[in-house]
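Okay, structure first, notes after.
A short reminder: the numbers here are calculations on the coordinates, not readings from a lab. If you're wondering where the values come from, they're calculated on a predicted model, not measured in any experiment. Cβ coordinates were reconstructed from backbone atoms using ideal geometry, including for glycine residues, and neighbour counts include every protein chain displayed.
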Amino acid sequence: MQVSQNLTDRLLRWVHAAEYRPSKPKHIATHLKLDLDEYRELRRVIKQLVLEGRLVYGGNHLVMAAAAVGGASDSIRGKFRRAMGGGFGFVRPSSGGTGVNDDVPEDIFIPPGSTGGAMEGDLVEVQISPGRRGGVEGVVTAVVQRERRQFTGTFRTTAMPSEDGSVWASTVEGPVVYLDGVHFDTPVSVGDVRGLPLVDDDKVFVEIVDFPDDRGHGGEAVILERLGSSKNPSIDTLTIMRQYGLPDEFPAAVLDEARVRADEFDEENPPVDRKDLTELLTITIDPFDARDFDDAISLQREETDDGGVRWRLWVHIADVSHFVHPGGAIDVEARQRGTSVYLPDRVIPMIPEIISNHLASLQPERHRLVKTVEIEMLDDLTVTHTEVHNAVIRSDKRFNYEQIDQYLAARESFVEDWGVEICTLLDHMHDLAMRIRKRRFKSGSLSMDMPDIKLELDRNGKVKGAHLVEHTESHQIIEEFMLAGNQAVAYWLDTLELNFLHRIHAPPERRKLRMLSAFVKDLGIGIENIESRFEIQAVLDKVAGTPLENAVNFSVLKSMNKAVYGPHREGHYALDMEHYCHFTSPIRRYPDLSVHRLVQKLIDKKSTPDDSFAELVKLGHECSDAERNAAQAERELIELKLLHFLKKKVGETLEAVISRVFSDGIHARCIKLPVDGFVPVTTLPKDQYRFERNGQMLIGFKEGNRYRLGDQVTVKIDKVDLQDRQLYLSIIKNHSAGRPLGLAARPPKKTGVNYKAKRKHERRAKKKKRRR
């Protein structure tokens with residue numbers, strides 16, 4: 001068994017290495033220098049890992065670490081995503097970046113009628129062929145794996161007529177459910193529902209037993225749960241929770257164990273084997289409505305004997321590992337959840353509130369257990385010493401971000417209330433953090449933070465407005481110190497050559513950088529080639545505060561790989577850090593808790609402190625998936641609540657900026673209310689429009705019919721589709737119609753002119769003139 005485990009570790013390390021290319025088992029055995037018996041064992045291990053879904057076989061029996069391409073060169077596998085309206089979609093090949101089928105585009109167009117009943121996120125097999133307009137397009141030949149089988153929807157006792165007047169009841173009889181967030185107009189049949197207290201427009205939770213398709217077959221489902229009336233504001237939250245499989249209450253065994261931990265903890269008599277840091281001046285800075293406090297800061301500025309300056313920074317992190325024992329009921333539940341989920345009107349914690357909001361929360365004037373990262377650095381920011389302690393602190397004061405921003409704007413007015421000592425600490429924190437931040441960006445780190453949307457809710461949970469949360473200097477102070485703590489821990493553990501979960505952000509692929517370069521060049525902002533972080537940051541700086549900002553930031557993010565968790569030592573591209581992990585939020589992230597446990601084993605001097613590479617690969621996948629699922633749920637619930645808010649405002653006008661342009665329409669981001677809507681090309685002034693990728697615009701033949709990325713427009717709310725979860729807009733006026741393209745004073749092209757024919761005519765005229 002130990003031999004197999006070691007071989008599994010070596011195999012997964014090689015398959016996940018950056019230089020690995022899909023290979024046959026025999027070539028892998030050669031690289032790993034295995035003998036004949038070990039080669040037989042390698043084949044058995046590969047088969048087992050394929051069954052577990054951790055490896056796959058590609059064409060010609062090549063071994064890969066992701067979903068494989070099909071056996072034929074014109075058949076691939078990938079994730080399906082649907083387009084806004086039109087019944088078509090796209091498939092992104094799962095083998096991207098492996099060297100297989102490199103001539104296949106990033107996104108394969110799937111025409112209407114060829115989606116094979118695929119839904120968002122499904123793993124599908126696609127047969128590709130030359131497209132009618134160049135390039136390639138595909139037909140979904142099989143749905144290999146469904147992304148999900150359980151959906152929320154709206155119950156009706158009979159099917160309703162569609163908007164074009166046809167009646168779906170001719171194909172779907174009896175009670176039906178209209179699924180949320182899918183592109184099928186036809187509802188699914190739910191059979192006999194006698195005995196269930198259901199009325200029309202109730203929200204329900206169903207499981208699909210026969211999936212619908214794009215040929216009019218509605219499919220079948222069974223109702224698992226009645227969620228409630230669609231008129232109840234809280235039903236949106238419950239709907240999204242069911243849709244994304246988010247948990248409700250904690251099991252009784254988990255709560256019982258949490259109560260035992262609470263009974264064991266004596267605040268006034270903390271463990272004696274911990275470093276006593278209660279005399280250090282310590283503060284917390286968190287959002288105004290934060291429920292748990294997992295980090296605190298202490299900082300001292302000292303004069304050295306040679307006239308220089310030494311900084312001593314203490315990053316205190318709640319010691320959750322003291323209360324959550326490995327393998328216990330709390331730990332099993334926390335690993336399954338993977339992360340806390342922060343919804344607009346509730347929090348779904350990873351760990352019971354008894355621990356997350358009480359025992360481990362760094363509340364002011366309470367003795368709390370922490371793992372403290374102590375960092376010493378000189379005034380030029382050279383780090384001279386780092387150390388991690390088990391410690392006890394007593395936070396002196398709790399601040400929120402707004403208070404710190406107010407202090408930084410008018411420092412003298414707060415001295416009397418807060419005292420000289422705390423104000424001096426805040427001044428030192430601001431000074432050191434801004435210097436660290438400046439150096440970080442100078443060395444190549446990227447500022448890629450997209451602002452969060454904060455909903456404003458009334459007492460009944462209904463939306464009354466929304467705004468963007470600014471990333472101010474108060475946020476940046478804490479961000480820099482958390483980054484410093486994470487980096488210090490990762491450097492220490494990497495130096496010891498231990499396995500642990502890194503926070504990995506791989507460099508973007510050259511192909512994506514070329515696409516980003518072409519996109520930016522067409523905007524005419526004076527930057528034409530992007531090869532490194534410095535050019536990317538120059539682009540971000542160039543468009544900051546302009547109408548192009550949101551669109552360019554989105555395009556930059558799209559060109560980047562997603563950050564994930566894993567034991568691979570690949571560094572963090574956006575942060576420009578070779579050593580990086582997540583350590584500073586163990587209350588809400590399981591990867592941080594796993595790193596805390598490794599640190600505890602080192603403090604306890606365990607002989608084999610780290611887990612196997614293979615086990616951490618599996619844990620990394622689980623945590624990455626949980627994080628992605630939580631982010632999607634948070635984002636979709638915000639959109640859904642905003643759509644409910646806008647449902648009552650159909651016909652009203654808003655100011656917006658064109659954020660994305662496609663051949664079938666335009667996406668516009670509203671300014672006052674941060675929400676995106678879709679403008680179908682059919683709603684634009686009557687004309688024949690063509691999509692120009694160069695310049696990102698739709699151009700008609702009539703004068704003035706040109707719509708470009710970054711144009712400022714007035715839009716009207718035409719329709720709010722709650723089932724499809726889409727806002728439909730129409731453009732009333734384009735305020736940028738006469739503006740030059742991009743940020744440069746580049747003259748716009750005239751519409752309706754055949755420039756190719758014009759140049760050909762000019763060349764012929766010149767030839768005739770020379771002949772004369």
Practice item. Could you tally the net charge around Cys423, taking each other residue with its Cβ under 10 Å from the Cβ of Cys423, Lys/Arg +1 and Asp/Glu -1? Key: -4
Point to revise | the chain pair-distance distribution - Cα-Cα, 20 Å bins, rounded % | key: 13, 43, 35, 8, 1, 0
Check your understanding: Hey, got a sec? Which chymotrypsin sites (Phe, Trp or Tyr not before Pro) in the range 277-348 land in a DSSP loop and have at most 14 other Cβ atoms within 10 Å?
Key -> Phe288
Practice item. Using only C-alpha positions, report the orientation-averaged shadow area of the convex hull of the range 464-527, nm², one decimal. Key: 9.1 nm²
**Study point:** Phi to ³J(HN,Hα) by Karplus 6.51 cos²θ - 1.76 cosθ + 1.60 over the range 391-406, Hz, x for Gly, Pro
**Key:** 9, 10, 10, 9, 4, 7, 7, 9, 10, 10, 4, 4, 4, 5, 4, 5
Check your understanding: Which whole-number percent gives the relative contact order of the chain, counting Cα pairs below 8 Å spaced six or more residues apart?
Key -> 9 percent
Review point. Using the beta-carbon distance between Asp192 and Asp37 and R0 = 60 Å, what value does 1/(1 + (r/R0)^6) give for FRET efficiency, to the nearest 0.05?
Key: 0.50
Practice item. Calculate how steeply helix 36-51 sits against the longest principal axis of the alpha-carbon atoms of the chain, using the helix alpha-carbon long axis, and give the answer as 0 to 90 degrees to the nearest 10. Key: 70 degrees
Review point. What are the GluC sites (Glu not before Pro) within the range 283-373 that DSSP puts in a loop, where the Cβ has at most 12 other Cβ atoms within 10 Å?
Key: Glu365
Check your understanding: So for the chain, taking the charge dipole from beta-carbon charges (+1 Lys/Arg, -1 Asp/Glu), which of Ser445, Gln712, Ala410 sits furthest toward the positive end?
Key -> Gln712
Review point. Helix 613-647 sits at what angle to the longest principal axis of the chain, using alpha carbons and giving 0 to 90 degrees rounded to 10?
Key: 60 degrees
Review point. With charges set only on the Cβ (+1 for Lys and Arg, -1 for Asp and Glu), what does the dipole of the chain come to about its Cα centre, in debye to the nearest 20?
Key: 6200 debye
Check your understanding: How big is Rg to Rh over the range 398-482, alpha-carbon atoms, Rh as the Kirkwood inverse-mean-distance radius?
Key -> 1.07
Check your understanding: Where in the range 263-299 does the amide nitrogen come within less than 17 Å of the point 7 Å from the Cα of Glu456, taken along Cα to Cβ?
Key -> 288-289
Revision key, fill the gap. Summing -39500 (n - 2.57) over every DSSP H run of at least 4 in the chain, dividing by its residue total and rounding to the nearest 500, the 222 nm mean residue ellipticity is -9500 deg cm²/dmol
Review point. For Pro197, what charge total do you get from the other residues with a beta carbon under 14 Å from its beta carbon, if Lys and Arg give +1 and Asp and Glu give -1?
Key: -1
Check your understanding: Which whole-number percent is the relative contact order of the range 571-676 (Cα, under 8 Å, 6+ apart)?
Key -> 11 percent
Point to revise | For the range 177-306, Kirkwood radius (reciprocal of mean inverse C-alpha pair distance, Å) | key: 20.9 Å
Check your understanding: Do any trypsin sites (Lys or Arg not before Pro) in the range 551-633 lie in a DSSP loop with no more than 16 other beta carbon atoms within 10 Å, and if so, which?
Key -> Lys562, Arg569, Lys605, Lys606
Review point. Quick one: length gained pulling Thr382 to Asn529 fully straight, 0.36 nm per residue minus the C-alpha distance?
Key: 49.6 nm
Check your understanding: Can you give the angle from 0 to 90° between the axis of helix 473-495 and the longest principal axis of the chain, with both taken from C-alpha atoms, to the nearest 10?
Key -> 70 degrees
Exercise for review: Kindly flag which residue pairs out of Lys275/Lys606; Lys47/Lys512; Lys442/Lys672; Lys558/Lys648; Lys562/Lys641 have an alpha-carbon separation exceeding 23 Å in this structure.
Suggested key: Lys47/Lys512; Lys442/Lys672; Lys558/Lys648; Lys562/Lys641
